[in-house]
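These notes concern the structure reproduced below.
The values are calculated or read from the model by the stated rules, or taken from the named source; none is laboratory data. No experiment lies behind these values; they were computed from the predicted model shown. Every residue, glycine among them, receives a Cβ derived from its backbone with ideal geometry; neighbour counts consider all protein chains shown.
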Number of protein chains: 2
Amino acid sequence: MAQQLTIRGNGGHGELLQVLRDGKPRTRAELASLTGLARSTVRLRMESLAALDLISPIGEAASSGGRPPSQFALNPSARVVIGADIGATHVSVVLSNLNGEILARHREELAVELGLEVILQWVVTTTRRLLAEARRERRDLLAVGVGMPGAVEYRTGRPISPPIMAGWDGFDVRGWIEGELDVPVLVDNDVNIMAIGEHAVVFPHVADLLFVKVATGIGSAIISGGSLQRGAQGAAGEIGHVRVQRAGGVACGCGNLGCLVAIAGAPAIVRALREIGTDISHSHAIAEVAARGDVNVARALRQAGRDVGEVLSTCVNLLNPSVIVLAGSVARAGEQLLAGVREVVYERSTPLATQALQILPTQMGADGAAIGASMLAIQHGLSAESVDAMVAQTMA
Amino acid sequence: MAQQLTIRGNGGHGELLQVLRDGKPRTRAELASLTGLARSTVRLRMESLAALDLISPIGEAASSGGRPPSQFALNPSARVVIGADIGATHVSVVLSNLNGEILARHREELAVELGLEVILQWVVTTTRRLLAEARRERRDLLAVGVGMPGAVEYRTGRPISPPIMAGWDGFDVRGWIEGELDVPVLVDNDVNIMAIGEHAVVFPHVADLLFVKVATGIGSAIISGGSLQRGAQGAAGEIGHVRVQRAGGVACGCGNLGCLVAIAGAPAIVRALREIGTDISHSHAIAEVAARGDVNVARALRQAGRDVGEVLSTCVNLLNPSVIVLAGSVARAGEQLLAGVREVVYERSTPLATQALQILPTQMGADGAAIGASMLAIQHGLSAESVDAMVAQTMA
């Protein structure tokens, strides 16, 4: 009777898998106690998850006597995910297992001017190639995460007024890729996915983190209470268009005056350096010239850091994060930007908010955004709802 | 066999009650499907919750045939909570049922100079009096929520460097009240509890809300993703000490220069009005004079609104809320402050972040903070963990 009733309910599989996502092996009794599910229910649910290969038995647990109960853990090889990072001049794609470990990767210099469909087609073709390289089947693919520059309506997977290619506005990126690969696709802006990656890989136990990208654009991503906060329209983190004092009447591409990015973004730094005779061909060269020890570049980066710091000091008072991570081409150009940010934030923010605040450069490499996109795909693909749906599908 | 195993697990009671907290009656079958718990488990758990009087059967549900299954709903009269709001010159205490409906209330003008223990003793005495008034027993009291001015370490229930009474720093407010009343006590800052109240009562379906108090101090509380975000040290929302351009070299009580509160807080407005000959005895009189239509007061409030708006425009870009609520004695003084805030925020923040943004005055009355404190007590007292612990206690 109880068994019959148990089989009717489809829920609870996802809940069990959430507990196992930390990779720690557990017995059925531990899982029953952690989830509040009856042991008989846990046994049935674990059988379904094992049939899907999502969990596997691990060794034998120490027992209080009798037959040792088996331990179970998430099987990280059960499925794979794709993380794709679409930038202004490159596209990166990584294939990862369910722990986020990279099994295959590919990066190509591709200008956005080629058009969105050409780039998305490249992502799909590369996905198929990476699956073949890693000797995995199409049906092993759990989900795809995609990061794009500019605001994205996360709910629908469509870019909103993208700053680089105006023609992409409202394009159904999610639907397009889903049509080709027939798996769930998550689309988010590049700063959000970089933050998800940094949080998952470097700061898994930090609940309040502010991730800041300083490059051609300036943006941020907020992790509060352990979760990424996207805001009401998915536009949270948009700090590049905050007015700063020193920007005064400087015109910004957004149509407003005095925005942070108009004086501290990479193009503004290049322009300022040219004006004082330090000729820099393009914004990526800032790091090269900085590495040669050019004093003008050092000074310009320090000032950009102070400008960014002015806005971040407000963010620190408002959000009280314990870590700020700085990334992007300007932040990578050396210690000067970081020093400028620290100088202003530690002076301006309240003592309580800065007493344990760390301001650090990103610890992720060039694939950081693609790794973050793969983490977003894992988060979705292993969510309680997705797992329950997978189980329901095999039962139907 | 299955029943025996089911009884061993103590979890799941709280989970069931979470589903019922919206007040909507549901059948056992609906609850089993919503929680993923087996129907046999739901039956047992519901019996325990009914034994604690937390749920009660409601009417008869429409059935597909046979005996109509009973519906169950949260019993709002099962327990009561206390919400206390400790201000600089008053203390308010409300006694509420589990829906947050006020059963009894008391407010008294009490100056903080009397000392913290005198005020806490008054809260405890008033709690006992309100219980008697509402004819409820001490054992009906589920939890107590307390709001205090200034930063509070929520985890420990201790004020941190309170701006009004320095002697309160680190005082164990939670432990002191728990020692007297022997129920869980939650302590938070006044702006957080006002935000919890406004969110629960007025905007229950809004996920991203920024609550701003403009009074002697200026502070805010952040609701993101549906939850209050306290930040790493519980110091989130501290916008009063953000530097604003117009404040230039004005010294602030915090020791820094150019803070928002130094030009837009109530004392700064009173000082500015005196300088131009509009004599106002104290900050509470701003509303009275504003009501008489004094043009200088209107102008001063409008400017304070612009100054607050300057900081809020950054907050809007960062958090992308869908609602900003303005409260506090200065905000209550009329439309001018609100108009000044709107003027700057709608001009400065990004179009995407403001396209659906509402900026509104609080819709809560003088008891708003006390009601918020009672909501905090309900949230804690009916949390899955607290309910599971209550059940475990009756079983032991």
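Worth pointing out:
- Count - residues of segment A:1-49 that are over 21 Å from A:P76 (Cα atoms), at pLDDT 75 or above and among the hydroxyl-bearing types (S, T, Y): 4
- When A:T125, A:T156 are screened for being without any contact (Cβ under 8 Å) to a residue 12 or more places away in the chain and surrounded by fewer than 19 Cβ atoms within 10 Å (Cβ to Cβ), only A:T125 passes.
- Of all residues in segment A:132-144, those satisfying the criterion of being of a type outside the set (D, E) and closer than 22 Å to A:A366 by Cβ are A:A134, A:V144.
- Filter result for A:P149 (touching a residue at least 40 places away in the same chain (Cβ under 8 Å), within 19 Å of the chain's Cα centre (by Cα) and within 25 Å of A:G240 (Cα to Cα)): yes
- Selection within segment B:203-217 - part of a loop (DSSP other than H, G, I, E, B) and in contact with a Leu (Cβ under 9 Å, 6 or more places away or on another chain): B:F203, B:D208
- In summary, A:N189 fulfils each of the numbered conditions (1) touching a strand residue (DSSP E or B) at 6+ places or on another chain (Cβ under 6 Å); (2) closer than 25 Å to A:C259 by Cβ; (3) more than 14 Å from every other protein chain (Cβ to nearest Cβ) with the single exception of condition (3).
- Search result, residues across segment A:352-365 that are more than 8 Å from every other protein chain (Cβ to nearest Cβ) and more than 21 Å from A:V191 (Cβ to Cβ): A:T354
- The numbered conditions (1) more than 14 Å from every other protein chain (Cβ to nearest Cβ); (2) under 24 Å from B:V191 (Cα atoms) are all true for B:I280 except (2).
- Index of the failed condition, A:E133 passing every other in (1) among the charged types (D, E, K, R); (2) surrounded by fewer than 19 Cβ atoms within 10 Å (Cβ to Cβ); (3) in contact (Cβ under 8 Å) with a residue 40 or more places away in the chain: (3)
- Residues (among the small types (G, A, S) and farther than 28 Å from B:P204 by Cα) located in segment B:87-135: B:A88, B:A111, B:G115, B:A132
- Evaluated against (1) in contact (Cβ under 8 Å) with a residue 40 or more places away in the chain; (2) in contact with a strand residue (DSSP E or B) (Cβ under 8 Å, 6 or more places away or on another chain); (3) within 14 Å of another protein chain (Cβ to nearest Cβ); (4) crowded, with 24+ Cβ neighbours inside 10 Å, A:G219 falls short on exactly one condition, (1).
- Some residue of segment A:384-393 being away from chain B (no Cβ under 14 Å), within 30 Å of A:A50 (Cα to Cα), without any contact (Cβ under 8 Å) to a residue 12 or more places away in the chain and not hydroxyl-bearing (S, T, Y): yes
- Segment B:318-336, residues that are within 14 Å of B:I359 (Cβ to Cβ) and of a type in the set (V, I, T): B:V323, B:I324, B:V325
- Complete set of residues in segment B:289-315 that are among the aliphatic types (A, V, I, L, M), within 14 Å of chain A (Cβ to nearest Cβ) and over 21 Å from B:I196 (Cβ atoms): B:V308, B:V311
- Pair list, Cβ under 6 Å, 6 or more apart: segment B:226-238 residue closer than 17 Å to B:V323 by Cβ, other residue assigned to a strand (DSSP E or B): B:Q229/A:S224; B:Q229/B:I222; B:G237/B:G219; B:G237/B:S220; B:G237/B:A221; B:G237/B:I222
- Residue within segment A:298-308 that is among the charged types (D, E, K, R), more than 24 Å from the chain's Cα centre (by Cα) and closer than 25 Å to B:V308 by Cβ present: yes
- For segment A:50-68, the condition holds for no residue, the condition being that it is within 14 Å of another protein chain (Cβ to nearest Cβ), modelled with pLDDT of 90 or more and part of a helix (DSSP H, G or I).
- Subset of segment B:316-336 [more than 10 Å from every other protein chain (Cβ to nearest Cβ), within 15 Å of B:D208 (Cα to Cα) and either without any contact (Cβ under 8 Å) to a residue 24 or more places away in the chain or touching a Ser or Thr at 6+ places or on another chain (Cβ under 6 Å) (or both)]: B:V325
- Only one of B:V206, B:V152 that is at pLDDT below 95 and in contact with a strand residue (DSSP E or B) (Cβ under 9 Å, 6 or more places away or on another chain): B:V152
- Only a single item in (1) farther than 24 Å from A:H284 by Cα; (2) under 17 Å from the mean Cα position of the chain (by Cα); (3) at pLDDT 95 or above is not met by A:N99, and it is number (3).
- Checking B:A339 against (1) within 14 Å of chain A (Cβ to nearest Cβ); (2) under 26 Å from the mean Cα position of the chain (by Cα); (3) hydrophobic (A, V, I, L, M, F, W, C), the condition it does not meet: (1)
- Subset tally (residues that are within 11 Å of chain A (Cβ to nearest Cβ) and either among the aliphatic types (A, V, I, L, M) or on the phi < 0 side of the Ramachandran plot (or both)) for segment B:222-251: 20
- Segment A:257-277, residues that are under 24 Å from B:L312 (Cβ atoms) and either more than 14 Å from chain B (Cβ to nearest Cβ) or surrounded by fewer than 18 Cβ atoms within 10 Å (Cβ to Cβ) (or both): A:L257, A:I263, A:A264, A:G265
- Condition check for B:V118: within 17 Å of the chain's Cα centre (by Cα) and β-branched (V, I, T): no
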